[in-house]
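*Asks:* Can you keep this structure in mind? I'll have questions shortly.
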Amino acid sequence: MKMIKRKYIVCIVMACLSLLACKKTGPKAAAEEELLDGPVEGLSGQEKEQFLKGDRAFNNDIFTKENGLGPIFVANSCGSCHAGDGKGHPFTSLIRFGQYDSTGNQYLDFGGPQLQNRAIPGYNPEVLPLGARSSKLLPPANTGLGYLDAVSDADILAMADPYDADGDGISGVANWVHTPSYCDYRAQSIERNGKHIGRFGRKGAAYDLLQQTANAYNQDMGINSSFEPIDTYSHSEVDPEISNAAIHSVVFYLRTLKAPIQRQPAKVESGRQVFTSLGCETCHKAQLKTGDYKIAVLANKTFYPYTDLLLHDMGPGLDDGYTEGSATTAEWRTPALWGLGLSKNSQGGNYYLMHDGRATSIESAILMHGGEGEKSKLNYQSLSVTDKNNLIQFLESL
Amino acid sequence: MKTTLLLILILSFTKNFTQSDSALFKRVPADTSKMKLNMDAVYNRPFLQAGKLPVSLGGYLEANSSYFITDGVTDGLSFQVPRMTLFVASSIKKRIKFLSEIEFEEGGKEISIEFASMDIELHPLLNLRGGIVMNPIGAFNQNHDGPKWEFVSRPLSATTILPATWSTAGFGLFGKYAHNNFVWAYEFYASNGFDDKIISNAQNRTHLAASKPNRDRFEESFNGVPLITAKTAFRHRKVGEIGLSWMGGIYNKFEDDGLVLDKRRRVDAFAIDFNSVIPRIKTYITGEWCWVLVDVPGTYSQQYGSQQQGGFLDIVQPLIKRKLFGWENSTVNVAARLEYTDYNVGTFKETNGTISDHIFAVVPGLSFRPSQQTVIRVNYRYHWQTDLLGNPAARTSGIQFGFSTYF
C-alpha cells in the first residue's frame, strides 16, 4: 500500500512538472501595451531580421577595452542606459558642458561637449573643468522614434509660433542645427542658412537617428566609427571600432521600435479633457502624422506622441546653462509623453522625470514647468483633487 | 592537440566497449573504508583498470534536453551534450600518484585539461600536489562531476560567482587528520590567478569565470603574483562536513616591463560549504554560500560590482530503494534546489537605492539511479532575474531532462 502511494506521488509530481513547464503555463509575456520594446507592426521578414540584428547590437553588445571601449566612456553598451528601451536612471545620466551661448563650446580642449566620467583601468576619466557650466541629462526612451523621424519639416514648422502670433503665451521654435556630412537628408528637408531642423535629443540637437547613434557610440562609449572617427581621449582620428553595418542596424532598430500603446483610454477620458483644458496640448500635441518615409509601414501614418518637436522656453527653474544648436539654455524640445506611465519599469520602480530626473512623480514634473508652461502649471494648481487625479491617471495611461 | 585528445578519447571508448566482454578491464572499487571529504572528490570516482597496467581510466558523460520560456518567449526544445570528461589516473610508485581530468565541452567545441596533478604522499598530514590543480574554493568546484548531482544545471552561484570549474597551474599541500568519528583536513595552494577580464567582459558584470578562457594561466601568471587558495574542512561521521575556504590574489596587470600601470587590485573569494545526511530518513542536504570581493577601480562603471554573494541549498530525499526494472538497489529520489545569486551587492551612488542584478531560482526534480554511477533526472526550473536597476524581473521556467553517467 505504502509503495503504491509512493508511485502515485511520483506520477503526480512528474505530471505537475510537465504541466508547469509547458508554454501555456509558463511565464506569460506581458501585454503588448505594457511593454515599450518590440517592433512596429507590418515589417517584412527581411525588415524583422534587420530589426533583430539591431536589437542584438543595441542590447547584447558589451564593449570592453579589447573591442574598443573608451579609454574614457559613460557606459559600455547601449542597453546599459536604455533598459527595456525606456527612460534612463540617474545612474545612467550623462553630463554635457561648456556651451552656454551661441558662440559655441568653450571647453572642447578640456573634453567638451560631453563628460566621459568613467575610464578603463589605468586611465583617468574626465573631470568637469573649473568654471564650466554643465547640464545633467537622463537618457530618453527610444520608443516610436521612427514616427518622429518621419514627420515632415513642413509639419513641424507649421506648429511653430516663434512670435506668439496667437497670443497664447506659447511660442515654439525649431532647433536649427548644423548637420554632419554623413546625414542623409529626408525628402523635402528644409534648410535655413545651411542649417536643418534637429528633432532628437533633449534639446533637439540631432538631425536624425544616424547622427544620434553615431554620436552616442562615440561620446558615450568611446567607440569610433567612420561617421565619428575622432577619439574622445586622444582627440585624433582613429580606425573604426564598429562597422557601418552595425550602426545602420541599430539605426533601423531605433526607427522601427513600436510606439507606446495607450492603456484603457476610455477610462481616462475625463483626465484627457483636463489635459486639454489646462492648455498642455498646446505643446504636447496629441496627434501628429508622418510623411513619405523610407520604411513603408511608417509612412503617412497618424500617431499620438504628445509632442510638437519644437523648443520652448521653460523658465529659469529649468535653465540648465547649456545650449545646443539654436536652443538657448532655458529651451527644451517638448518631450513626448507617450510611454510616461511605463517609465517606472525601466527606472527601477521609481519615476525620474524631466531632463535630469529630478522630478520623482508626475505631479512634481508638472510643478517644475515654468516659462511657456507657467500658465498650464498655475491652471493645474487650481484644479480640484479629483481633476488632478484624473489628469495623472490619464498621463499614466499614455 | 585536439586530434591527439580525440584519438585518446576514441581509444578509451574502444577499450570501454571491450571491457564488457572481457576480463581485461576490471572496475576499481572506490575506497569507502575511509571518511571521504569534498577534497577527496578526485579520488572518489569509479575507474577501470586494464590487467596490471598502472593506469586507470574513467570519466563521465552528460546529455540533456531542455525547454525554457522567458516571459512568454521560447527558443523551443533543444538538446545538449554539455560535457564529456575523461579521467586518467596512475599510481606511479608507492605514494606517488598522477590524476587527470580532461573535459570535452559542448560536443568538443572546447577541450580543456581541468585537472592534472601529481600527488606525493609524505604523511597523512603532509602531501604535496603540483600541476593543474582544482582550487578548493567552496565544495562544488572540486566535487562537480555530473553523475553526483540530481540537477541538470550546475548551481549559478558556483559557476557564475565562483568560477567552477576553475583550475590553474600551481603547487600546494594537503593533509588530513582523523580520530574516531572526526576528521579534519586542510589544503593550501599557490597558483596562477585571475586576469582583468573579471571586470571587463561581455557579461557586463563582475564575473570571475571570464578568466577561464584565458589558457595562458597554465603557463604563466597574468601579473606575477600568485593566487592563494586555502581550505579547511571538518567532518563528523554522524553529523556531516563543513568547509571554510578562501581564494585571493591580485587580478590586474599593475606593472609591465618595469612600468607601473595601476595600483594592485585584489580579488578575494570566501565560501562556506556543508553536507549532511539526516539519519533514518536518509535526506541528503548540501549547500554552499560564497562571497566575492573585488577592488573595482573607482573610475569604472558601477555595473561591475565590487561585492557579490550567493549560494545554493540542495535537498535530496530517496523515495524508493529496491530492485527496479531489473536493476538491483535502484533509487528514486525527489530533490529540490534553492538558489540565489546577487552579482552586485551595494547601492547606487546617484540615488542611494539598492543595486539589484540578482537571480532567485527554485528547482524541484526527480531522479532515478539504476546504480550510484548513473543518474537519469528531470528538473523543473523557475527563476526570476532582476536587472541592475531593479526593474520588473524576467521570469523563466522550463523543464530539463537528461542523464549523467560515469563510465
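*Asks:* To the nearest 20 debye, what is the magnitude of the charge dipole of chain B about its Cα centre, counting +1 on the Cβ of each Lys and Arg and -1 on the Cβ of each Asp and Glu?
*Replies:* Numbers: 43 positive and 38 negative charges, 383 e Å.
Roughly 1840 debye for chain B.
*Asks:* In sequence order, what are the phi-derived ³J(HN,Hα) couplings for segment B:401-407 according to the Karplus relation 6.51 cos²θ - 1.76 cosθ + 1.60 with θ = phi - 60°, rounded to whole Hz, with x for glycine and proline?
*Replies:* Result, ordered by residue: 10, x, 9, 8, 9, 6, 9 Hz.
*Asks:* Summarise the partner chain shielding of B:67-74 as one whole number: the mean count of Cβ atoms from other chains within 10 Å of each residue's Cβ.
*Replies:* Values: counts 4, 3, 9, 3, 6, 6, 4, 2.
For this peptide, the per-residue mean of nearby foreign Cβ atoms is 5.
*Asks:* Express the carbon and sulfur contribution to the solvent-accessible surface of chain B as a percent, rounded to the nearest whole number, probe 1.4 angstrom.
*Replies:* Values: 11230 of 17960 Å².
Here it works out to 63 percent.
*Asks:* Rounded to the nearest Å, what's the spacing between the alpha carbon centres of segment A:202-259 and segment B:268-299? Just the number, please.
*Replies:* Segment A:202-259 and segment B:268-299 have Cα centres spaced 44 Å from each other.
*Asks:* What nm value, rounded to one decimal, do you get for the distance between A:Glu66 and B:Ser78 when each label is placed 7 Å out toward the C-beta?
*Replies:* Spacing of the two 7 Å Cα→Cβ label points: 2.1 nm.
*Asks:* Choose one of B:Gly172, B:Leu162, B:Phe222: the residue whose Cα lies farthest towards the positive end of the charge dipole of segment B:130-226 (beta-carbon charges +1 Lys, Arg; -1 Asp, Glu; about the Cα centre).
*Replies:* Sorting the options by dipole projection puts first B:Leu162.
*Asks:* Determine the distance separating the Cα centre of segment A:145-171 from the Cα centre of segment B:383-398; give it in Å without decimals.
*Replies:* 41
*Asks:* Here is a follow-up. Test of understanding: in a Gaussian network model of chain B with alpha carbons linked when under 10 Å, which of B:Ile161, B:Ile242, B:Ile120 would top the mean-square fluctuation ranking?
*Replies:* Looking only at B:Ile161, B:Ile242, B:Ile120, the largest GNM fluctuation is found for B:Ile120.
*Asks:* Shifting gears a bit: To the nearest 0.05, how large is the calculated FRET efficiency for B:Val362 and B:Ile272 if R₀ is 25 Å and r is the Cβ-Cβ distance? Walk me through the numbers before you get to the answer.
*Replies:* Working: r = 22 Å, r/R0 = 0.87.
Taking R0 as 25 Å, the efficiency between B:Val362 and B:Ile272 is 0.70.
*Asks:* Considering only B:Tyr300, A:Gly70, A:Pro140, whose Cα is most displaced toward the positive end of the charge dipole of the protein assembly as shown, charges sitting on Cβ of Lys, Arg (+1) and Asp, Glu (-1)?
*Replies:* Going by the Cα projections, it comes out as B:Tyr300.
*Asks:* Another question about this same structure. About the Cα centre of the protein assembly as shown, how large is the charge dipole given +1 on each Lys and Arg Cβ and -1 on each Asp and Glu Cβ? Please answer in debye to the nearest 20. Display every interim value, and only then the final one.
*Replies:* Numbers: 80 positive and 83 negative charges, 1102 e Å.
Using Cβ point charges on Lys, Arg, Asp and Glu, the protein assembly as shown gives about 5300 debye.
*Asks:* Once you've got the GNM for chain A with C-alpha springs shorter than 10 Å, pick whichever of A:Ala205, A:Ala359, A:Ala245 has the biggest mean-square fluctuation.
*Replies:* A:Ala245
*Asks:* Hey, can you rank B:360-370, A:264-274 by average C-beta count inside 10 Å, highest first? Let's see the in-between values first.
*Replies:* Numbers: B:360-370: 19.9, A:264-274: 15.5.
Result, highest mean first: B:360-370, A:264-274.
*Asks:* Provide the gained length on full extension for the span B:Thr347 to B:Gln317, in nm with one decimal, where the gain is 0.36 nm per separating residue minus the Cα-Cα distance.
*Replies:* Numbers: separation 30, 0.36 × 30 = 10.80 nm, distance 3.94 nm.
Length gained, B:Thr347 through B:Gln317: 6.9 nm.
*Asks:* In nanometres, what is the gap between the two model label sites at B:Arg395 and A:Arg56, each 7 Å from Cα along Cα-to-Cβ?
*Replies:* The answer from the label model is 2.9 nm.
*Asks:* Charges on Cβ only, +1 for Lys and Arg, -1 for Asp and Glu, centred on the Cα centroid of chain A; of A:Leu342, A:Gly291, A:Val127, which one is farthest towards the dipole's positive end?
*Replies:* A:Leu342
*Asks:* For chain A, what does -39500 (n - 2.57) per DSSP helix run (n ≥ 4), summed and divided by total residues, give at 222 nm, in deg cm²/dmol to the nearest 500?
*Replies:* Values: 11 runs with 114 residues, N = 398.
Here the helix-only value at 222 nm equals -8500 deg cm²/dmol.
*Asks:* Here's a follow-up. Find the accessible area per residue for segment A:221-375; the probe is 1.4 Å, ligands and nucleic acids are left out, and the unit is Å². Before the final figure, lay out each step's value.
*Replies:* Numbers: 6090 Å² over 155 residues.
About 39 Å² of surface per residue is accessible.
*Asks:* With +1 on each Lys and Arg Cβ and -1 on each Asp and Glu Cβ, and nothing else charged, work out how big the dipole of chain A is about its Cα centre, in Debye to the nearest 20.
*Replies:* In total the dipole reaches around 2320 debye.
*Asks:* Okay, moving on. Students often get this wrong, so check it: of A:Lys285/A:Lys377; B:Lys109/B:Lys212; B:Lys282/B:Lys323; B:Lys36/B:Lys93; A:Lys294/A:Lys344; A:Lys53/A:Lys344, which have C-alpha atoms separated by over 21 Å?
*Replies:* Working: A:Lys285/A:Lys377 17 Å; B:Lys109/B:Lys212 15 Å; B:Lys282/B:Lys323 18 Å; B:Lys36/B:Lys93 23 Å; A:Lys294/A:Lys344 33 Å; A:Lys53/A:Lys344 27 Å.
Beyond 21 Å between Cα atoms: B:Lys36/B:Lys93; A:Lys294/A:Lys344; A:Lys53/A:Lys344.
*Asks:* Okay, helix-only estimate at 222 nm for chain B: each DSSP H run of n ≥ 4 adds -39500 (n - 2.57), divide by all residues, round to 500 deg cm²/dmol; what do you get?
*Replies:* Details: 1 runs with 18 residues, N = 407.
My calculation for chain B gives -1500 deg cm²/dmol from helical runs alone.
*Asks:* So, one more: In the neighborhood of B:Glu288, defined by Cβ-to-Cβ distances under 13 Å, what is the net charge if each Lys or Arg adds +1 and each Asp or Glu adds -1? Walk me through the numbers on the way to the answer.
*Replies:* Numbers: positive: B:Arg154, B:Lys231, B:Arg337; negative: B:Glu241, B:Asp273, B:Asp314, B:Glu339.
Charge balance in the 13 Å sphere: -1.
The values are calculated or read from the model by the stated rules, or taken from the named source; none is laboratory data. If you're wondering where the values come from, they're calculated on a predicted model, not measured in any experiment. Quick reminder, even Gly has a Cβ in these numbers, built from the backbone with ideal geometry, and neighbours come from all protein chains shown. These accessible areas exclude ligands, DNA and RNA; they are computed on the full protein's heavy atoms, side chains included. Shrake-Rupley method; radii C 1.70, N 1.55, O 1.52, S 1.80 Å.
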